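*Asks:* So that we are looking at the same thing, I have put the structure below in structure tokens.
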Amino acid sequence: MTIQTPINNTANNPAGFPDVGELSRLASQFFATLPNGKTAGGFEPSEKTANSGFNTVESSGSPQNLILAGGSLPSLIPNAVAPNGVPDTVLQSATGFEPKFSNVLLGVPEAQGLEVSSLTETSGAPSTPYYFLGEASGAPVNTQAAPVQDEFNAQSFGLPSDDDLRSLLAQPSRNPSDGVSAQSAKKDNVAVPSAGYYFLESANLGNGIDGDVHAQSAQKEKYQNRGIPFDINAIRRDFPILQERVNGKQLVWFDNAATTHKPQSVIDRIAYFYAHENSNIHRAAHELAARATDAYESARNKVAKFIGASSPDEVIFVRGATEAINLVAKTWGVQNVGKDDEIIVSNLEHHANIVPWQQLAQQVGAKIRVIPVDDTGQVILSEYAKLLNPRTKIVAVTQVSNALGTVTPIQEIVALAHAAGAKALVDGAQSVSHMRVNVQAIDADFFVFSGHKVFAPTGIGVVYGKRTILENMNPWQGGGNMIADVTFEKTIFQPPPNRFEAGTGNIADAVGLGAAIDYVEHVGIENIAQYEHDLLEYATYYLKPIKGVRLIGTAAHKASVLSFVLAGYSTEEVGKALNEEGIAVRSGHHCAQPILRRFGVEATVRPSLAFYNTCEEVDRFIAVIHRLSAQRS
């Protein structure tokens, strides 16, 4: 193979650089003449890849770095390939890439981004090992990458040998959150690229300690030394919406208490249902009805196992936690709560766990009693005990506050309710995605949650009820699917749970909920709880000292919610400033006005975290709050 020597065209390149067009032509010639007509890593030389947006010249006219992987690239092939074709090990090791190329690696589309057709020949292998998670009705999974043949010796081009790369990859992998900034870290006076995102600079990172980056690095190291229980890069690739850009910035989703995003396995499972299983359930003898019924009831079984129910018959599908509480109030409540009886709720409750009980109290002449909270936002058990009396019929309390993140001592609350002869309903909308829930261990009479808070679709939720209680409850709605026999004189109802699922339910999204539970269980809810706890601690450490910040809710036990106000700003102004940087938070009263008023505020800014969030995203958030604080301090 003969390659002509590039010619310096000093007329067109006054700085003395070689002619870029000539270099590009020679590079194309070189790759076109590799064995088998292929380029390194299995690329087919084509006009498409040659003009894919990996430009050799920036708009400023200065040449960009040209990255040649060489024949050693196959040694970097991981077990799973990202949707954009980039292997996980490249994401972990190639941290010094120029920003534009880095965005492509992260799956963020550019106006003229690098188009990578494939780094491995995977025969259509899915991007995540969690695809369908062994669903019987799911498509078969093939995560085995076909071997890619070395095309030439990397050492002949001054690149690392196979042994060098193996030695490098044998070292402990670095996570994206390892670096304090995207510039560089110093080790033995040698600059090494950090793993931080390119848009973070140490000068802009707020840490609440007079800009002391060393203190921030120490805190981050303390957080990371606890060990991340899963590959955060692989997790993030499973959630396609995290690749979105908002106002030109990569999306940071800190609004998880409002709703969580969906992994690709859930999206695919719903699509598969509509493509291969779509039918009404329970009422036909044909094949699709059987498939749909199996998928729907399989989801019920998964929910029962996930929350520790003794039987799938204790699981009722509804639209969400709001409908779930209304169902209990308008069935069990109407049957069992009468004039001058008492209903106890806590000061922490979401409106959905207040309004239905108010409506019931007004209907039957009952009273609402409220458990107070202390200055940290935790319920006061001694005051709660004083509220209990023979007139108490039901205690309805959240397990995790949506506005403050407080984790309540729910087992003690339920035990005290039972000791007084009352029933207990637990609102688990904010708990099921953050911690292990076992309804039998809690001994809840009712437990409710929404699917969309646990990475499942909207419009699907669950009522758990003890079987003995459900059997004595009247139906909430009448119609098809909940009857055993109907005449014009009387109707015989089905046993639970069908008795409470009148009409055609949200079949596809129930199946999607089952897929979301599969995903969470595969990752491990305990692993999720550990990671989110440490991330919340990290975020609190840097947010709390910022001048003008007041945290609302500082209980010792919290889930992944930070609620705060910033002096000199309305919550809407803070939310807007964060949105301009691509950071999504909730600002307002969060449908929990009573608890905010307990702390003397009408609204807060509420970042809420999930296990796909990172330290770098927290850093971006903290930097904005520092900037706002400095502007009006």
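*Asks:* Surrounded by fewer than 24 Cβ atoms within 10 Å (Cβ to Cβ) and within 20 Å of PRO594 (Cα to Cα) - does that describe any residue in the stretch 388-396?
*Replies:* If we filter the stretch 388-396 for residues that are surrounded by fewer than 24 Cβ atoms within 10 Å (Cβ to Cβ), which is where we start, we get 388-393.
Restricting the remaining residues to those that are within 20 Å of PRO594 (Cα to Cα) gives none.
No; the residues of the stretch 388-396 include none that is surrounded by fewer than 24 Cβ atoms within 10 Å (Cβ to Cβ) and within 20 Å of PRO594 (Cα to Cα).
*Asks:* Name the one entry in ALA304, ALA271, ALA295 that is assigned to a helix (DSSP H, G or I), open to solvent by 40 Å² or more (accessible area, probe 1.4 Å) and not β-branched (Val, Ile, Thr).
*Replies:* On the way: ALA304 fails: open to solvent by 40 Å² or more (accessible area, probe 1.4 Å); ALA295 fails: open to solvent by 40 Å² or more (accessible area, probe 1.4 Å).
Only one candidate qualifies: ALA271.
*Asks:* Taking interchain pairs and intrachain pairs at least six residues apart, which have beta carbon atoms under 9 angstrom, with the first residue in the stretch 237-259 and in contact (Cβ under 8 Å) with a residue 24 or more places away in the chain and assigned to a helix (DSSP H, G or I) and the second of a type in the set (D, E, K, R) and open to solvent by 40 Å² or more (accessible area, probe 1.4 Å)?
*Replies:* PRO240/LYS262
*Asks:* Can you tell me which of VAL565, VAL574, VAL605 is assigned to a helix (DSSP H, G or I) and at pLDDT 95 or above? Write out each step before concluding.
*Replies:* Working: VAL565 fails: assigned to a helix (DSSP H, G or I); VAL605 fails: assigned to a helix (DSSP H, G or I).
Checking each option against the conditions leaves just VAL574.
*Asks:* Restricting attention to the stretch 541-562, and to residues there that are part of a loop (DSSP other than H, G, I, E, B) and among the hydroxyl-bearing types (Ser, Thr, Tyr), which single residue is most open to solvent (accessible area, probe 1.4 Å)?
*Replies:* Within the stretch 541-562, the first condition is being part of a loop (DSSP other than H, G, I, E, B), and the residues that meet it are 544-548, 552-557, 559-560, 562.
Pick out the ones that are also among the hydroxyl-bearing types (Ser, Thr, Tyr) and you get 554, 560.
Numbers: THR554: 71, SER560: 5 Å².
Per the stated criteria, the residue is THR554.
*Asks:* Looking at the stretch 608-627, which of its residues are in a helix (DSSP H, G or I) and aliphatic (A, V, I, L, M)?
*Replies:* Of everything in the stretch 608-627, those that are in a helix (DSSP H, G or I) and aliphatic (A, V, I, L, M) turn out to be VAL618, ILE622, ALA623, VAL624, ILE625.
*Asks:* Which strands (runs of 3 or more DSSP E) sit wholly inside the stretch 427-540 and have at least 2 residues that are without any contact (Cβ under 8 Å) to a residue 60 or more places away in the chain and over 25 Å from THR259 (Cα atoms)? I'd like the intermediate steps shown before the answer.
*Replies:* Numbers: elements: 446-450, 461-465, 483-486, 491-493.
Hits in the stretch 427-540: 483-486, 491-493.
*Asks:* Condition (residue is more than 29 Å from ARG269 (Cβ to Cβ) and open to solvent by 10 Å² or more (accessible area, probe 1.4 Å)) applied to the stretch 448-468: is it met by at least one residue? Walk me through it before giving the result.
*Replies:* Taking the stretch 448-468 as the starting set, the residues that turn out to be more than 29 Å from ARG269 (Cβ to Cβ) are 466, 468.
Cutting the leftovers down to open to solvent by 10 Å² or more (accessible area, probe 1.4 Å) gives us 466, 468.
Yes: the stretch 448-468 contains one or more residues that are more than 29 Å from ARG269 (Cβ to Cβ) and open to solvent by 10 Å² or more (accessible area, probe 1.4 Å).
*Asks:* Report yes if SER265 is in contact (Cβ under 8 Å) with a residue 12 or more places away in the chain, crowded, with 22+ Cβ neighbours inside 10 Å and not in a strand (DSSP E or B), otherwise no. Break it down stepwise before answering.
*Replies:* Details: in contact (Cβ under 8 Å) with a residue 12 or more places away in the chain: yes; crowded, with 22+ Cβ neighbours inside 10 Å: yes; not in a strand (DSSP E or B): yes.
In short, yes.
*Asks:* Name the single residue that is nearest to ARG283 (Cα to Cα) among those in the stretch 471-492 being in contact with a strand residue (DSSP E or B) (Cβ under 6 Å, 6 or more places away or on another chain) and surrounded by fewer than 13 Cβ atoms within 10 Å (Cβ to Cβ).
*Replies:* Residue satisfying both the conditions and the ranking: ALA484.
*Asks:* So for the stretch 358-371 (the condition being among the aliphatic types (A, V, I, L, M), under 25 Å from ASN472 (Cβ atoms), open to solvent by 10 Å² or more (accessible area, probe 1.4 Å) and in contact (Cβ under 8 Å) with a residue 40 or more places away in the chain), does at least one residue qualify?
*Replies:* No - not one qualifying residue is present in the stretch 358-371.
*Asks:* Restrict the check to the stretch 374-392 and report whether at least one residue is aliphatic (A, V, I, L, M), without any contact (Cβ under 8 Å) to a residue 12 or more places away in the chain and not in a loop (DSSP other than H, G, I, E, B).
*Replies:* no
*Asks:* Among the numbered criteria (1) open to solvent by 20 Å² or more (accessible area, probe 1.4 Å); (2) of a type in the set (Ser, Thr, Tyr); (3) without any contact (Cβ under 8 Å) to a residue 60 or more places away in the chain; (4) farther than 27 Å from VAL370 by Cα, which one does SER587 miss?
*Replies:* Result: SER587 fails condition (4) only.
*Asks:* Could we say that ALA630 is assigned to a helix (DSSP H, G or I), aliphatic (A, V, I, L, M) and open to solvent by 10 Å² or more (accessible area, probe 1.4 Å) here? Don't jump to the end; show me each part of the working.
*Replies:* Values: assigned to a helix (DSSP H, G or I): yes; aliphatic (A, V, I, L, M): yes; open to solvent by 10 Å² or more (accessible area, probe 1.4 Å): yes.
The answer is yes for ALA630.
The values are calculated or read from the model by the stated rules, or taken from the named source; none is laboratory data. All figures in this text were calculated on a predicted structure; none of them were measured in a lab. Positions of Cβ are generated from backbone atoms using ideal geometry, with glycine treated the same way; all protein chains shown enter the neighbour counts. The protein model used for the area step is the full one, side chains on, heavy atoms only, and it has no ligands, DNA or RNA in it. Shrake-Rupley method; radii C 1.70, N 1.55, O 1.52, S 1.80 Å.
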